[in-house]
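K.L.:
The structure follows.
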Amino acid sequence: MREGFGEENRERPGAPARRSARAVLAAVAETYTELPWPEQEDGEPDDGPLGWRGYGAARRSAAERTGESESVVCAVADIGGVPVVALCFEFGFLGGSIGRRTGDLIEAAHRHARAVRLPVVTFVATGGSRMQEGLLALSQLQRVARQSALTRAAGLPQLAVLRDPTTGGGWATLGAGADMVVALPGAQVAFAGSRVRPSDADPAAYTAEAQFAAGHVDAVVPARELPAALALRLRLLTSPRATAPVPPPDALGTTDLPRTGWDAVTRARAPGRPRADAYLDAYFTVRAEISGDRCGGRDPGMSCGFGLHDGHTVAFAAQRGTATRPAGYRTAARLIRLADRLGFPVLTLVDTPGAANDAEAERAGAGAAIADLFAAVASARVPLTTLVIGEGGSGGALALAAPGNTWATPDSYFSVIAPELAAAILKRPPSAARATADELGVRPQDLVDLGVLRGVVAARGRGPAPEG
């Protein structure tokens with residue numbers, strides 16, 4: 001049934017094409033079957049609950065033009081071999097606006113998803129709540145939010161695809177409230193619609209790309225790539241769950257243990273040492289990332305998402321060797337809580353000199369973000385596994401570590417503080433950093449002896465070292 005998304009949106013050059021709901025479903029789904037309409041109460045006036053003059057005629061005209069009876073089409077669809085409940089907005093029906101009847105349909109679709117245990121995928125294209133129904137229309141957002149919350153509590157994943165436009169309550173509930181959010185390039189994505197923004201507002205701030213940069217969207221995906229992108233994410237979020245902790249990755253770098261503490265530090269800081277991307281590529285056959293903390297920030301130094309390992313989905317949060325920023329910690333906490341709710345084990349990779357300590361990091365809530373990650377790790381019901389693959393700098397590294405199930409590679413170190421900083425605090429000269437590293441006991445084998453680490457992993461084929 002797949003078809004293309006069509007030509008560019010002529011109303012706003014550069015924006016994605018505004019396709020009908022059924023054209024969108026046909027483009028991404030192998031097959032789909034529309035869900036039956038819920039029963040409707042009798043007695044509503046033709047012009048709606050407010051008696052808005054011409055409202056009935058406008059609805060009839062919209063139905064004739066689009067072939068739909070409301071602004072959303074709800075169906076059971078097959079996307080990449082995964083059955084889902086799909087909610088697809090019809091922008092041609094009164095701008096995809098949300099009214100009471102729209103709320104009926106969305107509620108019925110979520111109820112069906114929970115009854116048959118299917119994920120929910122929402123293709124959003126809406127200008128917001130329907131003015132002709134007044135506050136009754138606006139109150140549908142509470143109803144929609146409750147249904148989404150119930151589906152979330154049932155442990156079912158929710159994905160959102162942001163089309164053009166995604167504004168108002170549709171963005172603030174079904175869009176931004178989804179577990180994973182992808183957007184079409186150039187789509188308007190904002191709470192404020194184009195006609196209610198300040199006259200001097202920068203249009204670029206109200207786009208999918210801007211929302212991605214601010215940490216509110218996980219990926220911006222071209223229309224031609226959308227079917228594959230959705231299929232991958234749905235495959236990952238519906239694959240079998242492992243109930244035991246996953247094994248740590250094999251070591252990819254140096255295999256012999258460091259002789260001194262300073263040797264461990266210099267190895268971990270070596271530019272050519274394998275980094276998180278290499279470990280993730282070796283561990284997972286496929287993976288998809290989430291991006292951003294949903295609070296206005298992204299940290300390229302923290303990679304989070306889901307991947308397939310030995311046929312099972314594993315969530316991952318990996319530091320990439322830079323000082324971790326507050327947005328990175330919040331994104332990792334978001335990932336761990338999502339994995340916990342969906343029942344997936346978690347792998348974390350530690351590699352940071354420490355938490356970012358500049359003024360901007362403090363203003364962004366470094367302490368609160370680290371505390372939130374500690375809490376997410378401590379309260380997780382799913383098993384966590386950690387591998388230290390490089391620098392393990394202080395609490396900024398420990399926040400991502402699994403208590404009782406943390407391993408290390410031979411070219412890593414873990415320390416209460418960097419040796420140079422420890423020497424400075426102790427009022428020692430910079431030249432004392434080497435000796436201080438030995439005193440701190442930062443080598444992987446030292447930490448195994450202390451009982452802080454479970455073991456040191458070996459290269460592929462040799463397996464983890466025995467527990468220390």
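The values are calculated or read from the model by the stated rules, or taken from the named source; none is laboratory data. This is a predicted model, so every value here is computed, not measured. Glycine gets a Cβ as well: all are built from the backbone with ideal geometry, and neighbour counts include every protein chain shown.
K.L.:
Taking residue 310 as the residue in question, decide whether it is on the phi > 0 side of the Ramachandran plot, surrounded by fewer than 19 Cβ atoms within 10 Å (Cβ to Cβ) and acidic (Asp, Glu).
P.N.:
Answer is yes for this residue.
K.L.:
Has segment 182-201 got at least one residue that is under 23 Å from residue 20 (Cβ atoms), assigned to a strand (DSSP E or B), of a type in the set (A, V, I, L, M) and modelled with pLDDT of 95 or more?
P.N.:
Yes.
K.L.:
Considering only residues that are of a type in the set (Gly, Ala, Ser) and more than 26 Å from the chain's Cα centre (by Cα), which ones fall in segment 19-39? Can you show your working first?
P.N.:
Residues of segment 19-39 that are of a type in the set (Gly, Ala, Ser), as a first pass: 20-21, 23, 26-27, 29.
Listed by number, the residues that qualify are 20, 23.
K.L.:
Consider residue 332 against the criteria (1) over 17 Å from residue 401 (Cβ atoms); (2) outside any loop (DSSP other than H, G, I, E, B): it satisfies all of them except one. Which criterion is unmet?
P.N.:
(1) is the only condition that residue 332 fails.
K.L.:
Being among the small types (Gly, Ala, Ser) and surrounded by fewer than 22 Cβ atoms within 10 Å (Cβ to Cβ) is the filter here; which residues of segment 131-154 pass it? It would help to see each step written out before you state the result.
P.N.:
Looking only at segment 131-154, we keep the residues that are among the small types (Gly, Ala, Ser), and these are 134, 137, 139, 145, 148-149, 153-154.
Within segment 131-154, 134, 139, 145, 148, 149, 153, 154 meet the criteria.
K.L.:
Same structure, new question: Name every residue in segment 265-296 that is within 19 Å of residue 460 (Cβ to Cβ), surrounded by fewer than 20 Cβ atoms within 10 Å (Cβ to Cβ) and small (Gly, Ala, Ser), in order of residue number.
P.N.:
272, 278, 282
K.L.:
Looking at the structure I just gave you, is residue 246 surrounded by 19 or more Cβ atoms within 10 Å (Cβ to Cβ), farther than 23 Å from residue 281 by Cα and modelled with pLDDT of 90 or more? Even if it seems obvious, please write down each step before you answer.
P.N.:
Values: surrounded by 19 or more Cβ atoms within 10 Å (Cβ to Cβ): yes; farther than 23 Å from residue 281 by Cα: no; modelled with pLDDT of 90 or more: yes.
It is false that residue 246 is surrounded by 19 or more Cβ atoms within 10 Å (Cβ to Cβ), farther than 23 Å from residue 281 by Cα and modelled with pLDDT of 90 or more.
K.L.:
Being surrounded by fewer than 23 Cβ atoms within 10 Å (Cβ to Cβ), of a type in the set (Val, Ile, Thr) and out of contact with any Asp or Glu (no Cβ under 9 Å at 6 or more places or on another chain) narrows it down to one of 382, 416, so name that one.
P.N.:
Values: 382 fails: out of contact with any Asp or Glu (no Cβ under 9 Å at 6 or more places or on another chain).
Every option except 416 fails the conditions.
K.L.:
Another question, if that's okay. Looking at (1) over 18 Å from the mean Cα position of the chain (by Cα); (2) surrounded by fewer than 23 Cβ atoms within 10 Å (Cβ to Cβ); (3) closer than 25 Å to residue 210 by Cβ; (4) not small (Gly, Ala, Ser), which is the only condition residue 167 fails?
P.N.:
Condition not satisfied by residue 167: (2).
K.L.:
Could you say which residue among 339, 315 is buried (at least 22 other Cβ atoms within 10 Å of the Cβ) and out of contact with any helix residue (DSSP H, G or I) (no Cβ under 9 Å at 6 or more places or on another chain)?
P.N.:
Result of the check over 339, 315: 339.
K.L.:
Do you know which of the residues in segment 347-369 that are of a type in the set (Gly, Ala, Ser) and part of a helix (DSSP H, G or I) is farthest from the chain's Cα centre (by Cα)? Spell out how you get there, then give the answer.
P.N.:
Here is the first cut: in segment 347-369, the residues of a type in the set (Gly, Ala, Ser) are 354-356, 359, 361, 364-369.
Going one step further and asking which of them are part of a helix (DSSP H, G or I), we end up with 359, 361, 366-369.
Working: 359: 27, 361: 22, 366: 20, 367: 22, 368: 20, 369: 17 Å.
Within segment 347-369, the match that is farthest from the chain's Cα centre (by Cα) is 359.
K.L.:
Still on this structure: Which residue, of 358, 299, is surrounded by fewer than 23 Cβ atoms within 10 Å (Cβ to Cβ) and free of Cβ contacts under 8 Å to residues at least 60 places away in the same chain?
P.N.:
Within the list 358, 299, the selection yields 358.
K.L.:
Moving on to the next point. Quick check: anything in segment 371-378 in a helix (DSSP H, G or I) and without any contact (Cβ under 8 Å) to a residue 24 or more places away in the chain? Lay out the reasoning, then the answer.
P.N.:
Pass one, segment 371-378, residues in a helix (DSSP H, G or I): 371-378.
Keeping just the survivors that are without any contact (Cβ under 8 Å) to a residue 24 or more places away in the chain gives 371.
Looking for residues that are in a helix (DSSP H, G or I) and without any contact (Cβ under 8 Å) to a residue 24 or more places away in the chain, one finds at least one in segment 371-378, hence yes.
K.L.:
While we're on this one: How many residues, within segment 170-189, are touching a Phe, Trp or Tyr at 6+ places or on another chain (Cβ under 7 Å) and either surrounded by fewer than 23 Cβ atoms within 10 Å (Cβ to Cβ) or at positive phi (or both)?
P.N.:
Looking only at that region, the number is 1.
K.L.:
Name the residues in segment 431-468 that are modelled with pLDDT under 90 and of a type in the set (S, T, N, Q), would you?
P.N.:
Hits for segment 431-468 are 431, 436.
K.L.:
Separate question: Collect the residues in segment 23-62 that are in contact with a helix residue (DSSP H, G or I) (Cβ under 6 Å, 6 or more places away or on another chain) and assigned to a strand (DSSP E or B), keeping them in residue-number order.
P.N.:
32
K.L.:
Determine which member of the set 376, 380, 356, 399 is in contact with a Pro (Cβ under 8 Å, 6 or more places away or on another chain) and among the hydrophobic types (A, V, I, L, M, F, W, C).
P.N.:
After ruling out the rest, the residue left standing is 356.
K.L.:
Against the conditions (1) part of a helix (DSSP H, G or I); (2) modelled with pLDDT under 90; (3) among the basic types (Lys, Arg), where does residue 233 fall short? Just the number, please.
P.N.:
Checking residue 233 against (1) part of a helix (DSSP H, G or I); (2) modelled with pLDDT under 90; (3) among the basic types (Lys, Arg), the one that fails is (2).
K.L.:
Let me ask something additional. Is there a residue being closer than 22 Å to residue 413 by Cβ and aromatic (Phe, Trp, Tyr) anywhere in segment 328-351?
P.N.:
yes
K.L.:
I'd like to check which strands (runs of 3 or more DSSP E) are fully inside segment 66-130 and have at least 3 residues that are surrounded by fewer than 24 Cβ atoms within 10 Å (Cβ to Cβ) and either in the same structural domain as residue 221 (by TED's automatic domain parsing) or touching a residue at least 12 places away in the same chain (Cβ under 8 Å) (or both).
P.N.:
Fully inside segment 66-130 and qualifying: 72-79.
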